[in-house]
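This report concerns only the one structure given below.
Each reported figure results from applying straightforward, stated rules to the coordinates on display, with no laboratory input. Just so you know, these numbers come straight off a predicted model, no measurement behind them. All Cβ positions, even for glycine, are placed from backbone atoms using ideal geometry, and neighbour counts span all protein chains on display.
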Amino acid sequence: MNDDDLIHVSVEKFQHMKRLMLTVWTKGPCPIVELRLNRARLYYPSGEPIEILFDCHIAHERARRSDSSDPEYTIITITCPITLDVKRDYDLDLPAQSELSTRSRQLVCRSCDTPFADLSNLEGAYPLPCDHWMEMSELWVCDPSTMSHIQNPYGLPDRPLDEAALPTRVLIGLRDVIVPAETIVDNRTSSDKDGMMILCCKCQSNLGSSIPNGFRIWKMAILASDECTDNPRSRVFSFYTDESDAVALILQQCHSRSHYLAVVSCDDPNQEDVLCLQICNWDSFAIDASYLKTGNCLSLQRRSPVDPNRFAPVIKVYYRFQPELQPKDAAFVDNAHVERIQLTTAQWKSVKQSLHRSSHCYPPTQRMIGNMSKGYLHRLSRII
């Protein structure tokens, strides 16, 4: 499709700043942009307007607009305060009610649909503590002498502390499901040569890892036998993707130590690049859309998320891929406040694709800040 006929629209909502930013850019004249209480209207003279709905109220009379242009694009940027926002479900990162069920449920390998664990005879499913529980321990234990005996008390522990499975329960975490060994169906799984990873016998996909009395199963590798991926209301684990799992891992490590810089690498030894990542905002929401101009009429070509009433939860970042860290990268070299994070090959590819794709949600003149690109990564979302 010819980019000359496309109108690009990006809407970002910054929760903590209570600000909404709308950016419209195209080759040639931009459409007229009008803001209302909870929407934006875009149209050309004598053409039918299209509307972009917001899940918040804005003070449109206090909006600030700036127009700019380069040799190719005309760009409009409008920023305005948010006066009333939708009540946000902050528990999107926690297990959904649909996950806390064991009745007639089996866990199925997502790659080949092979059932490998039967949960139907267990007592029930229970959520694990949130990923900030080590920080919350300050509220539970106030005695300094007790805290002094806890290894790394104010950050992530050096190893997971929920190591043992319970014999009659499933434990549901942010990224994983902990099941007792008795739930695994005979001859449906195998182990790697070190006996640490649990693999699907049919397709050899990595399902999780071994722990005392059971297994830690990754949500991104499984489906529930009673879910239908085509119906959002009956989905359980299919919301979890390589990207959302990688973002959950990045946020988990950065949140726990209050860091905003990370050096991300891939576990594939043939992948020499590293990702230098600076988190700008981990509580943002975004809409990305493109419209086709035909005469003076506009028609929707693409929108993310598809739901016209919702924003997608994202973390806004600056990033740079490079072969290795250089001494000139002072912010990322020999810095105790930089997280070192390793992703699987699938996670790495998903994150890389998402960053490149999201960078193109911004006008060409706004895609770089210094020597870093601007983009965002999608958090776990049960919004389609």
Dipole check, the chain, charges on Cβ (K,R +1; D,E -1), about Cα centroid: among CYS254, GLY124, CYS361 the Cα furthest to the positive pole belongs to CYS361
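Nearest 20 debye, what's the magnitude of the dipole of the chain about its Cα centre given +1 on Lys and Arg Cβ and -1 on Asp and Glu Cβ?
Numbers: 41 positive and 49 negative charges, 216 e Å.
So the magnitude is around 1040 debye.
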For GLN15, the residues 5 or more places away or on another chain with a placed amide H closer than 5 Å to its own amide H are PHE285
Of the listed links LYS202/LYS316; LYS219/LYS316; LYS27/LYS349; LYS13/LYS219; LYS349/LYS374, those spanning more than 27 angstrom between alpha carbons are LYS202/LYS316; LYS27/LYS349; LYS13/LYS219
Charge dipole (the chain, unit charges on Cβ, about Cα centre) - positive-most of THR74, GLN106, ASN281: THR74
Applied in sequence order to region 263-277, the curve 6.51 cos²θ - 1.76 cosθ + 1.60 (Karplus, θ = phi - 60°) yields integer Hz couplings, x standing for Gly and Pro, of 10, 9, 10, 10, 6, 7, x, 7, 8, 8, 5, 10, 10, 8, 10
So who's got an amide H within less than 5 Å of the one on ASN281, skipping anything under 5 residues away but keeping other chains? H placed 1.01 Å off N, in plane. LYS316
What is the set of long-range amide H partners of PHE237 at a cut-off below 5 Å, with H atoms built 1.01 Å from backbone N? ALA224
Fraction of antiparallel bridges per DSSP, the chain only, in percent to nearest 5: 90 percent
Label point 7 Å beyond Cα of ASP268 along Cβ direction - residues of region 192-213 with amide nitrogen under 19 Å: 204-207
To the nearest 20 debye, region 219-280 has a Cα-centred charge dipole, built from +1 on Lys and Arg Cβ and -1 on Asp and Glu Cβ, of 400 debye
Principal axis box of region 249-319, alpha-carbon based, largest edge first, Å: 50, 30, 18
Furthest towards positive pole of dipole, PHE215, LEU292, PRO313, structure part the chain, Cβ charges: LEU292
List, in order, the whole-Hz ³J(HN,Hα) value for each residue of region 296-308 obtained from phi through the Karplus relation with A = 6.51, B = -1.76, C = 1.60 and θ = phi - 60°; use x for Gly and Pro. 9, 9, 10, 9, 5, 9, 7, 8, 9, x, 5, 4, x
